[in-house]
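The structure appears right after this line, and notes come after that.
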Amino acid sequence: METVIVLLTRDLRVHDNPALAEACEQARHVVPLFVVDPAIEPRHRADFLYAALHDLRGRLRELGGDLVVRHGEPVAEAIKLARQVEAGGIWAAADVSAFARRREERLADACAGERLDFRLFQGLTVVPPGDLVPIGGDHYRVFTPYWRAWSQAPKRRVLDPPAQVRLPAKVATGSLPEPSRNPFGLLKGGETEGRRHLDEWLRGGLAGYAEGRDLAAGRTSMLSPYLRFGCVSPIEVVARSADRPGGEEYVRQLCWRDFYYQVAHAFPELPRRDYRPRRAKWEDDEEAAEAWRQGMTGVPIVDAGMRQLRAEGWMHNRLRMIVGSFLTKRLGVDWRVGADHFNDLLLDADIPNNCGNWQWVAGTGNDTRPNRVLNPLRQAKKVDPDGECVRRYVPELADLPGSVVHEPWRHPARVPGYPAPMLNERLLS
Ligand code: FAD
């Protein structure tokens, strides 16, 4: 084929990118295209995304190509560009959300109308959603049997970056938005940063993962935002970590990601509808929800997590579980309120993981014990035994001694500026 457009979406990398690799093998000219879609408001993720796009542009230039950027509706822009460069096809990575799948369908129809070759490539997950199905079902509802099947499933080999990317003559590359001067979030976007993170993690973090991963101050890979935007490939992460010390526990967590993707694939209403219908009504308590969002519940471990989210665009997994359980099971507020707030602020927010985990925490999802309630105080002492995390994110409490930091209401002096707990002590302990 003379020219192929590779429409990049959540696969912002040159390593292990099946659509890009295949296009560079098959076509004489390749146009790597990203369309900045005003309908998708990246909110706090904009800086991460734009940094990732700049990085990708640099990597493609090193390979002799470039990143072509357009602004507008992706299907219309891709088709317009295909006419301009006389492309023979538009290829892309398959996604799972209902929104992305509608876009894929529209693109497929538009390509058919223009007689363009349209192809989707798998690479968003390690095992493509829908590939593994239990006997008598269309997807796995419970993690452990999925993990067993997933562990045994054949995995695709990791693909090298293309040797060369040859753009057709006279294609305008287009302008790319700049990240702001004070970018939001703890992490900088891009394949270069993602790969650096991965290398460091494999060298210095993975071996201690099983012991440290449930401690709020313990180290985890922090690769989730890079996986979210496809700056690193999940297949490569698994391939490089599986056989190292700590690898099995780590790969099991990555399998949770695939698990929720296959749930979202089979149940596209996941972002809005209860996966497991719930009879009780949620409390309509905006005041409580707002105190939770602001990290002003008076429960230190909850406030630490919520303030970390606001400051860094990231939160430790245990804290996500604690704040989620607190909102839904203690305050009785609808999980969608929590998922929307996470979606606003998390660098790694995506529909399958965010909504899948929220539904798990709220008891409407895939938890086999949907009625479990996490006790915030007991959890605090377990995940933050020295109070390090609370002291870092709730500075009002920094001077409280020992474990009183988790129960400031036990301290004889009231801490100025810090609220009394929203729930009475009986519910907290
Ligand atoms: P590590 O512990 O280093 O794990 C490695 C990778 O495994 C992660 O990057 C992630 O891709 C995957 N993983 C780990 N735990 C989970 C899990 N419970 N579910 C799915 N995948 C997992 N993760 C997101 O990527 N996006 C979200 O929007 C998101 N929302 C969440 C909301 C709630 C209420 C909860 C309880 C969890 C949520 N998670 C989400 C899962 C998990 O908290 C993050 O993936 C993890 O904290 C990211 O940090 P890490 O990369 O250091 O994880």
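The values are calculated or read from the model by the stated rules, or taken from the named source; none is laboratory data. For clarity, every value in this text was computed on a predicted model and none was experimentally measured. In this analysis, Cβ positions are derived from the backbone assuming ideal geometry, glycine residues included, and neighbour counts consider all displayed protein chains. Each accessible area value is taken on the protein alone, full model and side chains, heavy atoms only, with ligands, DNA and RNA left out. Shrake-Rupley method; radii C 1.70, N 1.55, O 1.52, S 1.80 Å.
Across region 55-61, rounded Karplus estimates of 3J(HN,Hα) from the backbone phi angles (6.51 cos²θ - 1.76 cosθ + 1.60, θ = phi - 60°) give 4, 5, 4, x, 5, 5, 5 Hz, Gly and Pro being marked x.
Semi-axes of the equivalent ellipsoid for region 246-399, computed as √(5λ) from the eigenvalues of its C-alpha gyration tensor and ordered from largest down, come to 25, 19, 14 Å. Ignoring ligands, DNA and RNA, what percent of the accessible area of the chain is carbon or sulfur (1.4 Å)? That share works out to 49 percent. A 1.4 Å probe run over region 281-429, with the rest of the protein chains in place, finds 41 Å² accessible per residue. Heavy-atom accessible surface of region 10-78, averaged per residue, reaches 34 Å², computed with a 1.4 Å probe.
From a point 7 Å beyond the Cα of Arg166 in the direction of its Cβ, which residues of region 12-28 have a backbone N at a distance under 13 Å? Under cut-off, by backbone N: 24-28.
How much length, in nm to one decimal, is gained on full extension between Glu114 and Asp386, taken as 0.36 nm per residue of separation minus their Cα-Cα distance? 91.6 nm is the gain from fully extending Glu114 to Asp386.
Packing around the peptides 204-212, 345-353, 389-397, taken as the average count of other Cβ atoms within 10 Å per residue, puts them in this order, highest first: 345-353, 389-397, 204-212. For the pair Ala217 and Arg61 in one chain, pulling the backbone fully straight at 0.36 nm per residue adds 52.2 nm over the alpha carbon distance.
A simple spin-label model places the labels of Asp243 and Arg273 4.5 nm from each other, with each point 7 Å out along Cα-to-Cβ. The smallest convex shape that holds all Cα atoms of the chain, its convex hull, gives 151 Å³ per residue. Each peptide in 187-194, 128-135 gets a packing score, the mean of other Cβ atoms within 10 Å over its residues, and the list from highest to lowest is 187-194, 128-135.
Using Cβ point charges alone (K and R +1, D and E -1), the dipole size of the chain about the Cα centre works out to roughly 640 debye. More than 17 Å apart: what percent of Cα pairs in region 43-87 qualify? Tail of P(r) above 17 Å: 50 percent of Cα pairs. Ranked from largest, the principal axis spans of the Cα set of region 320-429 equal 43, 30, 22 Å. Taking H as built 1.01 Å from N, whose amide H comes closer than 5 Å to the amide H of Phe121, not counting residues under 5 places away? Distant-sequence amide H within range of Phe121: Ala92, Ala93, Ala94. Each residue of region 260-266 was assigned a 3J(HN,Hα) from its phi angle through the Karplus expression (A = 6.51, B = -1.76, C = 1.60, θ = phi - 60°), giving 5, 5, 6, 5, 5, 5, 7 Hz with x at Gly and Pro. What percent antiparallel are the DSSP beta bridges of the chain, to the nearest 5? Roughly 0 percent of the beta bridges in the chain run antiparallel, per DSSP.
The calculated FRET efficiency for Val158 paired with Val133, based on their beta-carbon distance and R0 = 35 Å, is about 0.85.
Across the chain, the mean sequence separation of Cα contacts (distance under 8 Å, 6 or more residues apart), normalised by length, yields a relative contact order of 17 percent.
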